[in-house]
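Note sheet for the following structure.
Every number in this text was worked out from the coordinates using simple rules, so none of it is lab data. Computed from a prediction, not measured in an experiment: that's the story for all the values here. With ideal geometry, Cβ positions are generated from the backbone for all residues, glycine too; neighbour counts draw on all protein chains shown.
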Amino acid sequence: MKTVLNEQQLAFTIKRLSHQVLENHVDLENTVLIGLQPRGIFVSDQVVQQLQQLLPAHKINYGKLDITFYRDDIRKELHIPNHTDIPFSIENKNVVLIDDVLYTGRTIRAALDALLDFGRPSKVELCILIDRRFSRQLPIQPDYVGKAIDSIVSQKVKVFWKQRDGRDEVALV
Amino acid sequence: MQLSVKHLLGIRDLIPQDIQTILDTATQFKEVLQRPIKKVPSLRDVTIVNLFFENSTRTRISFELAEKRLSADTVNFSASASSVAKGETLLDTVNNILSMKVDMVVMRHSASGAPHFLAQHIPAAIINAGDGINEHPTQALLDAFSIREKLGNIAGKKIAIIGDIMHSRVALSNIYLLKKMGAEVMVAGPPTLIPKYMKEAFDVRVEYNLRNALEWCDVANVLRIQLERQNQVLFSSLREYNLAYGINKKLLDSLSKEIIIMHPGPINRGVELDSDAADSKQSIILQQVENGLAVRMAVLYLLSGGREMNN
């Protein structure tokens, strides 16, 4: 197991991602953030927390999206869904999708389909903690990248979170 | 995680984990039904036939809508307008339909065990939408979902099933499910409508006095008097049944606590349930119907997932 980001680097990376999002979406005026269930939520929770500190007076529109019903491998494998909670309209909003690891791009494809069932956003961006570049199976690219890494198929990126695993770390297994 | 069964023939065959999985999945489908576009593409490649050999309003519409909300293709069949009237056997009818590449069968039949018989002879997944006086599993699941939604939990809750226990597939499915999920169950009604040995067979309480039953329970699941299945006189008149076992608002108000009223529908107003009780705020009858859609979506989804692997 090789460490990609240690606890301190992970904290800095999330801080940087939050600032980059804010740089492009001044005051988050017309912007909503949506974390992808289940693992993207750990990233989006922290990004939203950072943004809230930067904009204490602003009420951030933050939702959680589950893509299970939109997966393209549903014929091969049964997946149990997680909860979706988007308590606001995304019509004509700028949406920032947040996930932990971008690999084949298939999750994001499903997420885009799922998102469109909630309305027609004016723009959708993608914020990713770890980008496993050169391994895409669909033409999907992130707008905000925590760290880009090169990896081979047999390797796995594991993200550990304090509240779940007792430590903050990103590792290549 | 797959269910432990390939068909949903009855609650009897399910393990508690299956029931938990179905109810949890239904919670997510209930959210889907609140979206601006209430439809997901999960069952895009699945064709489902709804075989109704017996009349139905709620269940059939509910299944059909659930299938459509999952993007499945659906075919409807009702026995009265088909070759069944010309004498075709059940197995021939179903095999003919399946040769048109149908993946799942939702069936209601007046003969108990009809879906179990089919399950032994055809490859498609079968969902029992009510068979005779045996089981009506999706009704029990939606009842459980509604109880869980209202009270937070099923385990430890006291549920009284009241009315025509003898002819009710809803009662049997409910008893299996509630016992598996750790609820306390009572059946109540006139002695002529409660089979002997209920207590011994299912470990449930038996009560012949309506007021005692209502005082005991958290939830009263009131059943319809099934006149179409009764070929002998089991009580003297509907009016008398209403006097002894009909639930009205006055009776509910006189209880020491507020209980929840459920009914699988269709209601015989003025027989087992008076209008002032059926339409009171203690009644969750219409929520049950709404939840039925989410529960049926969950069952269809869970039985069709990983379908290529199964073949």
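As an exercise, use a Förster radius of 35 Å and the Cβ-Cβ distance of A:Arg120 and B:Arg58 to find the FRET efficiency, rounded to the nearest 0.05. The calculated FRET efficiency here is 0.50. The B:Lys249 and B:Ser80 beta-carbon pair, evaluated with R₀ = 56 Å, returns a calculated FRET efficiency of approximately 0.90. Computed from point charges on the beta carbon alone (+1 for Lys and Arg, -1 for Asp and Glu), the dipole magnitude for the stretch B:87-172 about its Cα centre is near 420 Debye. For the residues of B:214-220, the average number of beta carbons from a partner chain within 10 Å of their own beta carbon is 0. Placing pseudo-labels 7 Å out from each Cα toward the beta carbon at B:Asn209 and A:Leu138 gives an inter-label distance of 6.5 nm.
In chain B, the calculated helix contribution to ellipticity at 222 nm averages -12000 deg cm²/dmol per residue, counting -39,500 (n - 2.57) for every DSSP H run with n ≥ 4. Classification of the stretch B:137-288 by its C-alpha gyration tensor yields a rounded form. The axis ratio a/c (a ≥ b ≥ c) stays under 1.5.
The separation of the stretch A:121-146 from the stretch B:289-305, counted between C-alpha centres, amounts to 33 Å.
Footprinting exposure proxy ranking of A:Asp27, A:Asp117, fewest other C-beta atoms within 10 angstrom first, gives A:Asp27, A:Asp117.
Taking only alpha carbon atoms, the protein assembly as shown gives an Rg to Rh ratio of 1.05, where Rh is the Kirkwood radius.
Applying the criteria of a DSSP loop state and at most 16 other Cβ atoms within 10 Å to the GluC sites (Glu not before Pro) of the stretch B:236-308 yields B:Glu258. How far, in degrees from 0 to 90, does helix B:137-151 lean away from the longest principal axis of the Cα atoms of chain B, to the nearest 10? The answer is roughly 60 degrees. Remark: B:His167, B:His263 ranked as B:His167, B:His263, counting other beta-carbon atoms within 10 Å and listing the fewest first.
Spin-label pair B:Lys199-B:Ser110: with each label point 7 Å from Cα along the Cα-Cβ axis, the two points sit 3.5 nm from one another. Counting, for every residue in B:26-38, the Cβ atoms of other protein chains within 10 Å of its Cβ and taking the mean gives 4. Taking the fewest neighbouring Cβ atoms within 10 Å as the starting point, the ordered list for A:Val170, A:Val26, B:Val106 is A:Val26, A:Val170, B:Val106.
Which of the chymotrypsin sites (Phe, Trp or Tyr not before Pro) found in the stretch A:91-173 are loop residues per DSSP with 10 or fewer other Cβ atoms within 10 Å of their Cβ? Filter output for the stretch A:91-173: A:Phe134. In this structure, the residue pairs whose Cα-Cα separation is over 24 Å, taken from A:Lys93/A:Lys147; B:Lys158/B:Lys281; A:Lys15/A:Lys158, are A:Lys93/A:Lys147.
Between A:Glu23 and B:Gln287, the simple label model (points 7 Å from Cα in the Cβ direction) yields a spacing of 5.0 nm.
Need one word for chain A: rounded, prolate or oblate. Basis is the Cα gyration tensor (sqrt eigenvalues a ≥ b ≥ c); a/c below 1.5 gives rounded, then a/b vs b/c decides. Oblate, since a/c reaches 1.5 and b/c is not below a/b. Rounded, prolate or oblate: which fits the stretch B:247-303, taking a ≥ b ≥ c as square roots of the Cα gyration tensor eigenvalues, rounded meaning a/c under 1.5, else prolate when a/b beats b/c? Cα axes put the stretch B:247-303 in the prolate bin. The mean number of partner chain beta-carbon atoms within 10 angstrom of a residue's beta-carbon across peptide A:72-85 is 6. Check each of the trypsin sites (Lys or Arg not before Pro) in the stretch A:139-173 and keep only those in coil by DSSP with at most 15 other C-beta atoms within 10 angstrom; list them in order. Here the trypsin sites (Lys or Arg not before Pro) that fit, given the DSSP loop and packing criteria, are A:Lys156, A:Arg167. Residues of the stretch A:41-57 falling in the label zone of A:Gln9, defined by backbone nitrogen less than 19 Å from a point 7 Å along Cα to beta-carbon, are A:43. Projecting the Cα atoms of B:Met297, A:Ser151, B:Thr74 onto the charge dipole of the protein assembly as shown, computed from C-beta unit charges around the Cα centre, puts A:Ser151 farthest toward the positive end. Over chain B, the ratio between the Cα radius of gyration and 2.2 N^0.38 Å evaluates to 0.99. Taking the centroid of alpha carbons for each part, the stretch B:67-120 and the stretch A:50-68 are 49 Å apart.
The antiparallel fraction among DSSP beta bridges confined to chain A stands at about 25%.
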